[in-house]
1. Can you divide the C-alpha Rg of the range 2-74 by 2.2 N^0.38 Å and report the result to two decimal places?
2. Kindly give Rg over Rh for the range 1-133, based on alpha-carbon atoms, with the Kirkwood expression for the hydrodynamic radius.
3. In whole Hz, what ³J(HN,Hα) sequence does the range 74-87 give by Karplus (6.51, -1.76, 1.60; θ = phi - 60°), x for Gly and Pro?
4. Once you've got the GNM for the chain with C-alpha springs shorter than 10 Å, pick whichever of Glu66, Glu150, Glu44 has the biggest mean-square fluctuation.
5. Tell me which aspartates and glutamates have Cα within less than 16 Å of Lys36's Cα, excluding those fewer than 8 residues away on the same chain?
6. Springs between alpha-carbon pairs under 10 angstrom, Gaussian network model over the chain: which of Asp301, Asp49, Asp245 fluctuates most?
7. In whole percent, how big is the carbon plus sulfur part of the accessible area of the chain, probe 1.4 Å, protein atoms only?
8. Can you tell me what the convex hull of the Cα atoms of the range 82-142 projects to on average, as an area in nm²?
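The values are calculated or read from the model by the stated rules, or taken from the named source; none is laboratory data. Just so it is clear, the model here is predicted, and its values are computed rather than measured. Remember, those area values only see protein heavy atoms, side chains included, never the ligands or the DNA or RNA. Shrake-Rupley method; radii C 1.70, N 1.55, O 1.52, S 1.80 Å.
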Amino acid sequence: MVNAVALSPNGSLVVVGDFADDLIAREVPSGVERWKVRVQPGRERRRIDGVFFSPDASLVVTTGHEAQTLEVWDAATGRSVAVLDIARSRGVAFHPSERVLAVAGAATIHVVDVDRGQVVRTLPNAHAGDAIFAIAFSADGQTLATISGEGSLKLWNWPALVLRSSTTLSGGLEAMSPVSLALTRDGTRAASNGIYGRVHVVHTAKGREERIFANVAQAPNHGMHAELRYSLAFTDDGNWLFAPDSHDRGLRLLHVPSGKTYPVLQGEGPFYKAVALALPASMVAFLRPGDDQGRGPYGLDVWRLNYQAAPR
């Protein structure tokens, strides 16, 4: 059961992790396996729930919702770089220019020096006892955002980690189950994707929700395969948002000011379990199960996005 996927920013490498302990890197576009490792900290097998690339594509991080550690790997070789004692990690955010990593571990924000492979700072109880489900930096590196399982979105000034603002997303199951988080370049907008695909966009400067993009549960067994959506990405102007489509079969483009949605692509599989975006390379990767019950063998689709004109 392949469970998580990540694309390098330059689109040359795709890494997948599974429910057991295998982490596999393949070259793009050939699909040739570059390396394969087993994620067994303490010699115990565990599922891989998240895979993340550093901005320079040199490092890969693996996380597990119930795991006791977080692992850092050399992206070129699969060599272990560090094993960090950070439990229940759900989200990872590399700073866009500094060699640091922010990790959401349970209710704590951990700041990791990636060169030293050490936690250099912690901010415990960042959401008043609620676990952090996702974390993200703005592209200018001045803002860190976190969102809790109950839908509390917080913005922190970087590097001081002083709370700047707090906004509570609208109620309901999806608002309480965020699995991804994205910020615009200057941090004035934030977007979160719920476990069933509903996208909430917050105007952070005004402290209110600006837009909610609905999801339509029409794919087979829809609620069972949308738990991994580390896949939201704003365009540079902050007005457009890439997100999985409403039927888990591809990608859609959301226009935040108007609330309109535009399909980008749709694959042939019954649905996609996980999505990874590499906007610098204009590429997207999908994990595709073998049948509509989510069974294997899984397929890996990598698409290149060709832009011809802005949607109107």
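1. Working: Rg = 11.6 Å, N = 73, 2.2 N^0.38 = 11.2 Å.
Normalised Cα radius of gyration, the range 2-74: 1.04.
2. Numbers: Rg = 14.2 Å, Rh = 14.8 Å.
Computed over Cα atoms, the ratio is 0.96.
3. Per-residue couplings from phi come out as 6, 5, 6, 10, x, 5, 5, 9, 7, 10, 10, 7, 10, 8 Hz.
4. Answer for the Gaussian network model of the chain: Glu44.
5. In chain and number order, the partners are Asp18, Asp21, Asp22, Glu27, Glu71, Asp74.
6. Asp301
7. Values: 6300 of 13160 Å².
Answer for the chain is 48 percent, counting heavy atoms of protein chains only.
8. Numbers: hull surface 16.1 nm².
Here the figure is 4.0 nm², rounded to one decimal.
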